[in-house]
Amino acid sequence: MSDVEGRQCIRCGVAEENALLDRCVACGKYFCADCAYRATGRRFCSGECARAFFFGETDDYEGDDSSGD
């Protein structure tokens with residue numbers, strides 16, 4: 001089985017043989033141009049991934065319990 005075989009858009013299900021698929025930079029899932037979520041010149045598989053990429057999923061500094069000593 002090759003790496004290309006079986007890839008499809010996570011939203012509409014179109015196969016890679018029938019459409020050019022992009023890989024989401026936030027989660028790594030594949031999506032087609034018709035289903036892409038566009039934000040600030042980049043394309044993502046969803047709005048959630050766009051928000052996670054630009055703003056992060058959590059605020060790391062709030063959960064940091066290290067004393068720094």
* Asked: Filtering segment 31-40 down to residues that are surrounded by fewer than 17 Cβ atoms within 10 Å (Cβ to Cβ) and not small (Gly, Ala, Ser), which residue is nearest to the chain's Cα centre (by Cα)?
  -> Arg38
* Among (1) at pLDDT below 95; (2) touching a Leu at 6+ places or on another chain (Cβ under 7 Å); (3) not basic (Lys, Arg), which single condition is Ser66 missing? -> (2)
* Can Gly6 be described as among the small types (Gly, Ala, Ser), part of a loop (DSSP other than H, G, I, E, B), modelled with pLDDT under 95 and at positive phi? -> yes
* Is it the case that Ala52 is of a type in the set (Gly, Ala, Ser), without any contact (Cβ under 8 Å) to a residue 40 or more places away in the chain and in a helix (DSSP H, G or I)? -> yes
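The values are calculated or read from the model by the stated rules, or taken from the named source; none is laboratory data. Bear in mind the structure is a predicted one, so any value in this text is a computation, not a measurement. Heads up, the Cβs are rebuilt from the backbone with ideal geometry, glycines too, and the neighbour counts pull from every protein chain shown.
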